[in-house]
Amino acid sequence: MSDFTVSRLFSDHAVLCREKEIRIFGKTRKRIRLTAALYDAADHLLAQDSLVAEDAFVFRLPPQKAQTDCRLDIFSAEERVCFRDIAIGDVYLANGQSNMELELQNADEGAALVKTHCNPLVRYYNVPKFARETREADEANENAVWRAIAPEVGGDMSAAAYFFAMKLQPEIGVPLGIVDCYWGGTSIACWMNEETLRSTAECARYEKEYSEQCAGKSMEAYLEEEAAFILEMEEWGKSAEKIKAGRPDITPQELNKILGPFPWHPPVGIGSPFRPCGLFHTMLSRTLPVALTGVLYYQGEEDTWRTKKYDVLLTSYICMLRDLYRDQELPFINVQLPMWIDAGAEDSKNWPRLREAQYKVYRNVRNTGLAILIDEGEYDNIHPTNKRVVGERLYEEAMDVIYRLPCKKAVFMRGHSIRGNALCVLLSDAVYDTGTGEYLMEIAGEDGEYKTADLHIEGNLLTLSHPDIARPVAARYAWTDYAIVRLKGANGMPLAPFVIA
């Protein structure tokens with residue numbers, strides 16, 4: 001039995017972050033002196049660090065330039081482990097819930113791409129998905145591997161992260177690694193540690209409410225409920241697959257009519273992946289404190305109905321990540337929620353409220369990006385399979401926030417003024433009317449009652465008015481769970497939702 005183990009984030013084919021301190025970590029079984037040595041393709045020593053470790057260790061190597069075919073050795077006086085085909089480049093954490101989780105093999109284009117695609121400079125590492133600390137979880141983490149994109153490899157990678165990486169890597173010309181760490185249906189609170197969750201009243205409310213819901217429930221009782229829930233989902237899935245086999249073009253809406261909605265009512269309990277802080281400990285913490293180029297984040301659906309202060313939670317989460325990854329400037333690129341509503345449901349206005357919270361964070365927290373998807377989304381399908389557009393809009397934000405290179409940006413509201421009975425909105429770029437969809441422009445007077453505005457477009461200036469409003473004082477755009485928007489910029493990117501209050 002080895003006296004030390006190194007996190008599998010630093011195994012064969014791994015990508016280390018360029019131009020930042022390289023942190024290599026693991027655990028020991030006893031007090032021991034260890035050394036880490038990084039060599040280039042010509043076997044020249046690039047960097048070395050030694051320490052005396054007890055229980056856990058973190059090596060700190062100086063920043064390195066991008067390169068491939070490196071070797072990483074970790075050794076004591078008695079044993080040595082060698083990791084080969086190490087690359088140094090850019091490394092991104094792909095984090096969030098189901099729309100980040102949706103795998104390439106299940107996305108549009110995915111099945112065909114997996115058969116033939118090949119890019120050895122794009123690599124990915126899937127953090128094993130476990131809700132509880134178990135022997136199986138430990139074994140899965142011990143056997144986790146880095147994989148390079150090759151024919152028949154990559155189908156289990158996040159589709160959004162895949163399209164991001166495959167577009168970005170040729171542009172930057174260095175190796176690119178994606179660390180996949182996500183779980184469908186999770187609240188942002190699932191990924192926080194206790195300190196962060198208790199740092200604000202809004203975050204702490206999540207913990208309090210969940211504790212009250214599962215008070216007195218044993219692990220045994222929870223596991224029984226979980227097994228029944230999983231069986232119900234599996235039965236629904238089997239029925240759906242049978243129908244799809246005979247009707248491959250069936251829509252999600254038609255499936256729901258036949259089978260009823262997907263049975264999404266996970267039980268609460270101390271073993272649930274949906275409990276506050278749970279996945280921080282079982283998944284996210286296993287990546288700490290690796291050096292990252294940036295974070296790609298697609299989450300929020302599960303919190304639309306839980307909070308009116310998502311900006312508080314998201315800001316707390318970004319601060320936590322920057323602390324724990326030891327990088328106060330760590331770029332955070334977020335996906336703003338697209339359009340969506342369940343068939344037959346009333347417009348809750350929860351989705352636009354959360355979009356606005358995401359925008360507030362983008363405007364108020366440094367080194368953040370916001371991929372606008374207001375022109376995307378599907379009616380009655382919360383999991384659109386067109387993930388190329390998601391990945392490529394994350395790419396555009398990375399080009400702006402991280403690489404400071406030309407990119408395609410959505411059109412944003414930049415200012416406003418009141419002129420008589422009209423409210424004039426200045427935009428970051430000109431917009432045009434696609435002719436399909438809704439304008440979704442509303443204005444309100446001092447009584448706060450919103451009315452659909454008469455809209456005049458002149459380049460990057462919008463003029464909003466209504467015959468019943470003598471002096472407009474507020475406006476909002478795309479304040480709805482679901483609709484088809486019709487305003488876009490010349491570059492094809494949408495006008496981002498906005499609120500003037």
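The values are calculated or read from the model by the stated rules, or taken from the named source; none is laboratory data. Predicted, not measured: the structure shown is a model, and the values here were computed from it. Cβ atoms come from the backbone with ideal geometry, glycine included; neighbour counts cover every protein chain shown.
Output yes when any residue across the stretch 55-70 is in the same structural domain as Gly173 (by TED's automatic domain parsing), surrounded by 13 or more Cβ atoms within 10 Å (Cβ to Cβ), hydrophobic (A, V, I, L, M, F, W, C) and closer than 22 Å to Asp138 by Cα, and no when none is.
Taking every residue of the stretch 55-70 in turn, none turns out to be in the same structural domain as Gly173 (by TED's automatic domain parsing), surrounded by 13 or more Cβ atoms within 10 Å (Cβ to Cβ), hydrophobic (A, V, I, L, M, F, W, C) and closer than 22 Å to Asp138 by Cα.
So Tyr395 ticks every box in (1) in contact (Cβ under 8 Å) with a residue 60 or more places away in the chain; (2) surrounded by 16 or more Cβ atoms within 10 Å (Cβ to Cβ); (3) out of contact with any Lys or Arg (no Cβ under 8 Å at 6 or more places or on another chain); (4) outside the structural domain of Asp454 (by TED's automatic domain parsing) but one. Which box is left unticked?
Only one criterion in (1) in contact (Cβ under 8 Å) with a residue 60 or more places away in the chain; (2) surrounded by 16 or more Cβ atoms within 10 Å (Cβ to Cβ); (3) out of contact with any Lys or Arg (no Cβ under 8 Å at 6 or more places or on another chain); (4) outside the structural domain of Asp454 (by TED's automatic domain parsing) is unmet by Tyr395, namely (3).
Working carefully through the options Ile32, Ile22, find the one that is touching a Ser or Thr at 6+ places or on another chain (Cβ under 8 Å) and β-branched (Val, Ile, Thr).
Answer to the check: Ile32.
Please determine, by comparing only the residues of the stretch 31-87 that are among the small types (Gly, Ala, Ser) and more than 28 Å from Leu324 (Cβ to Cβ), which one is modelled with the lowest pLDDT.
Step by step, filter the stretch 31-87, then rank; the result is Ala77.
Out of the residues in the stretch 419-443 meeting the condition of being exposed (fewer than 13 other Cβ atoms within 10 Å of the Cβ) and farther than 26 Å from Arg393 by Cβ, tell me which one is modelled with the lowest pLDDT.
Filtering the stretch 419-443 for residues that are exposed (fewer than 13 other Cβ atoms within 10 Å of the Cβ) and farther than 26 Å from Arg393 by Cβ, the one modelled with the lowest pLDDT comes out as Gly420.
Quick one: is Asp481 assigned by TED's automatic domain parsing to the domain that holds Leu373, within 26 Å of Tyr362 (Cα to Cα), surrounded by 15 or more Cβ atoms within 10 Å (Cβ to Cβ) and among the acidic types (Asp, Glu)?
Here the answer is no, as Asp481 does not meet what is asked.
Just for strands (runs of 3 or more DSSP E) wholly inside the stretch 351-458: which have at least 2 residues that are touching a Leu at 6+ places or on another chain (Cβ under 6 Å)?
Ranges flagged: 413-419, 422-427, 441-444.
Name every residue in the stretch 264-280 that is surrounded by 15 or more Cβ atoms within 10 Å (Cβ to Cβ) and either among the polar types (S, T, N, Q) or farther than 21 Å from Glu212 by Cβ (or both), in order of residue number.
Ser272
Would the stretch 101-109 turn up any residue that is in the same structural domain as Met283 (by TED's automatic domain parsing), free of Cβ contacts under 8 Å to residues at least 40 places away in the same chain and either over 24 Å from Phe332 (Cα atoms) or surrounded by fewer than 16 Cβ atoms within 10 Å (Cβ to Cβ) (or both)?
No; the residues of the stretch 101-109 include none that is in the same structural domain as Met283 (by TED's automatic domain parsing), free of Cβ contacts under 8 Å to residues at least 40 places away in the same chain and either over 24 Å from Phe332 (Cα atoms) or surrounded by fewer than 16 Cβ atoms within 10 Å (Cβ to Cβ) (or both).
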